[in-house]
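S.K.: Just passing along the structure, written as structure tokens.
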Amino acid sequence: ALHLAERGCEIAIQEANNSTAEPSTRRIEKLIQERIGTRVCTPIEGDKIRRAITLTTHWQGFESVDFVLESAEEDLGVKRNLCAKLEELVRPRVIIASTSTNVLIESLQGELNRPSRVAGFHLTDTRRRLVELVRGPLTDSGTLAALARWGHAWGFQ
């Protein structure tokens with residue numbers, strides 16, 4: 001989220017409830033403070049990053065997103081339910097990418113109305129900015145190409 005917010009993206013983070021939202025808020029703030037402390041960014045840039053990240057427990061802000069990056073716990077049921085909910089909330093052409101390394105993309109595609117827009121987006125090495133794109137059997141080639149463009153725009157190879 002920070003990496004993308006630093007690049008001008010607006011980020012909506014959905015948390016299950018307030019007990020999971022509070023640690024996320026603290027973690028984001030700590031990382032911003034570390035960036036300011038090490039002069040990776042200025043306090044003004046830190047404020048800009050904070051404003052770019054919205055943390056919610058009420059599914060707000062997803063109706064107008066351009067891209068979804070799912071990173072829920074590595075549980076097939078949780079991820080399937082999340083993808084189904086996201087499919088209801090986002091526009092029909094919005095890509096739903098998963099950071100999962102243990103759940104097959106095919107398993108996430110199975111019960112969706114538009115499985116062609118689901119793929120994997122695994123940040124394999126954040127220091128070297130490497131991302132692995134994973135296609136499922138129903139992933140459209142346009143989805144994969146769009147993911148590659150997004151990743152490249154965000155500084156990943």
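The values are calculated or read from the model by the stated rules, or taken from the named source; none is laboratory data. Not measured: the values here are computed from a predicted model. Reconstructed Cβ throughout: ideal geometry from the backbone, glycine too, with neighbour counts over all protein chains shown. Quick note on the areas: whole protein, heavy atoms, side chains included, nothing else; ligands and nucleic acids left out. Shrake-Rupley method; radii C 1.70, N 1.55, O 1.52, S 1.80 Å.
S.K.: So how far apart, in nm, are the two label points at R27 and E15 if each is 7 Å from Cα heading toward Cβ?
M.R.: Placing both labels 7 Å along Cα→Cβ, they lie 1.0 nm apart.
S.K.: So who's got an amide H within less than 5 Å of the one on I13, skipping anything under 5 residues away but keeping other chains? H placed 1.01 Å off N, in plane.
M.R.: T54, L55, T56
S.K.: Along the charge dipole of region 30-91, Cβ charges K/R +1 and D/E -1, which of T42, L55, L86 sits furthest on the positive end?
M.R.: T42
S.K.: Heavy-atom accessible area per residue, the chain, 1.4 Å probe: how many Å²? Don't skip to the end; give the middle numbers.
M.R.: On the way: 9450 Å² over 157 residues.
Normalised by residue count, the accessible surface of the chain is 60 Å².
S.K.: For region 60-114, give the magnitude of the charge dipole about the Cα centre (Cβ charges: +1 Lys/Arg, -1 Asp/Glu; no others), in debye to the nearest 20. Write out the running numbers ahead of the final one.
M.R.: Values: 6 positive and 10 negative charges, 39 e Å.
The calculated dipole for region 60-114 is roughly 180 debye.
S.K.: Which peptide among 64-76, 18-30 comes first, and what is the full order, when sorted by highest mean count of other Cβ atoms within 10 Å? All intermediate terms of the calculation are to be shown ahead of the outcome.
M.R.: Values: 64-76: 15.2, 18-30: 12.5.
Highest to lowest by the protection proxy: 64-76, 18-30.
S.K.: If H58, H122 are ordered by their accessible area, calculated over protein heavy atoms with a 1.4 Å probe, which sequence runs from highest to lowest? Walk me through the numbers on the way to the answer.
M.R.: Values: H58 130, H122 20 Å².
Result of the area sort, largest leading: H58, H122.
S.K.: Magnitude of the Cβ-charge dipole of region 3-157, K/R +1 and D/E -1, about the Cα centre, nearest 20 debye?
M.R.: 520
S.K.: Post the alpha-carbon centroid distance, region 115-150 to region 15-70, in whole angstrom.
M.R.: 23
S.K.: Using helices alone, I'd like the mean residue ellipticity at 222 nm for the chain: each DSSP H run of four-plus residues gives -39500 (n - 2.57), total over residue count, nearest 500. It would help to have the intermediate numbers written out before the result.
M.R.: Working: 6 runs with 67 residues, N = 157.
Calculated at 222 nm, the ellipticity per residue is -13000 deg cm²/dmol.
S.K.: Once the piece of chain linking E132 and H58 is laid out straight, how much longer is it, given 0.36 nm per residue of separation minus the C-alpha distance between them?
M.R.: Details: separation 74, 0.36 × 74 = 26.64 nm, distance 3.04 nm.
Contour length minus Cα-Cα distance gives 23.6 nm.
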